[in-house]
Amino acid sequence: MQELMKKENMTSLELTEQINIFRKDMEGKKDLQHYDLLKIIRDEFEEEINDGKISCVSYIGGNGQERPMFILTFEQSKQVLVRESKYVRKAVIAYINKLEDRIKNPPILTTEEILELNFRYSKEIKEKVDNIENVVDNMADIISLNTDNWRKETNSLITKIAINGFGGVDEISTVRNEIYRELENRASCKLDVRLNHRRERMAEIGICKSNREKIGVLDVIEENKALKEIYVAIVKEYAVKYKVKRLA
């Protein structure tokens, strides 16, 4: 059983995890989704939430986006469980009671146990620092992307953004279109209008239709230095947001 942090409250995310452990072990039921538990909490504690007596904070989900969760006291956590089956409810309440007892009657640690905890804590801190350094290094690497080889590098980043944040390579066009819309908003332009004008100019000088149709949005962006710089900046922002590694 995964232990929760030794504190006098639980987050809705932690409570969901414990409920699902007992759902699976005792009943073989499907997992309770965190967003469903949030609905239950909002319904059960509507007045307390409105009065600010229950805090709503955020955490970073698997896709890198911020998501809400509630911080509940042990008693509030037990109250939420009334909607679970009696078997799951009793098991989770017993677990919460054990946590409460551990806080009220903390174990006396030996010197060896204290040293082991210190070593484990130091190791966890080092891993977190190393992870932060890796994130910073990767951000610096993405930011250093220049416009010399901008098409190849932005295309590579967009593919990774689709995989990391949008569900897979099938969503590359979704990512690209979203970035195009953001570019239009920031540059106050219409890319499709610019593209049509470009093709019209080509037709006027006698370039055949097949060659005109080969011209795309990226060609329109490339012929305008400001558009290119804004486009590259937006791709970088998306890459950082979705924790893409440029050189991976």
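Annotations for the structure displayed:
- Among the candidates Lys236, Lys228, Lys245, the residue that is touching a helix residue (DSSP H, G or I) at 6+ places or on another chain (Cβ under 7 Å), under 18 Å from Thr154 (Cβ atoms) and outside any helix (DSSP H, G or I) is uniquely Lys245.
- Long-range neighbours under 7 Å by Cβ, at least six apart or interchain, first residue within 14 Å of Lys236 (Cβ to Cβ) and in contact (Cβ under 8 Å) with a residue 60 or more places away in the chain within region 155-180, second among the small types (Gly, Ala, Ser) and assigned to a helix (DSSP H, G or I): Leu157/Ala239; Ile161/Ala239; Val175/Ala162
- Against the list (1) farther than 30 Å from Ala226 by Cα; (2) modelled with pLDDT under 80; (3) surrounded by 11 or more Cβ atoms within 10 Å (Cβ to Cβ), the condition Leu145 fails is (1).
- Any hit, region 172-179, residues being buried (at least 16 other Cβ atoms within 10 Å of the Cβ), touching a Phe, Trp or Tyr at 6+ places or on another chain (Cβ under 7 Å) and basic (Lys, Arg): no
- Whichever residue in region 197-225 is among the β-branched types (Val, Ile, Thr) and not in a helix (DSSP H, G or I) and, among such residues, is nearest to Gly62 (Cα to Cα): Ile215
- When residues of region 55-83 are limited to those that are aromatic (Phe, Trp, Tyr) and without any contact (Cβ under 8 Å) to a residue 60 or more places away in the chain, the one surrounded by the most Cβ atoms within 10 Å (Cβ to Cβ): Phe70
- Residue ID - nearest to Leu37 (Cα to Cα), chosen from residues in region 104-116 that are at pLDDT 75 or above and surrounded by 11 or more Cβ atoms within 10 Å (Cβ to Cβ): Glu116
- Qualifying residue in region 162-173 (condition: over 26 Å from Gln65 (Cβ atoms) and touching a helix residue (DSSP H, G or I) at 6+ places or on another chain (Cβ under 8 Å)): no
- Enumeration of residues in region 72-108 that are of a type in the set (Phe, Trp, Tyr) and more than 17 Å from Ile54 (Cβ to Cβ): Tyr87, Tyr95
- Verdict on Tyr35 being of a type in the set (Phe, Trp, Tyr) and assigned to a helix (DSSP H, G or I): yes
- Count of region 64-87 residues which are over 30 Å from Ile163 (Cα atoms), at pLDDT 85 or above and among the aliphatic types (A, V, I, L, M): 4
The values are calculated or read from the model by the stated rules, or taken from the named source; none is laboratory data. Predicted model only: the values in this text are computed from it and were never measured. Don't worry about glycine lacking a Cβ; one is built from the backbone with ideal geometry, like all the others, and counts go over all protein chains shown.
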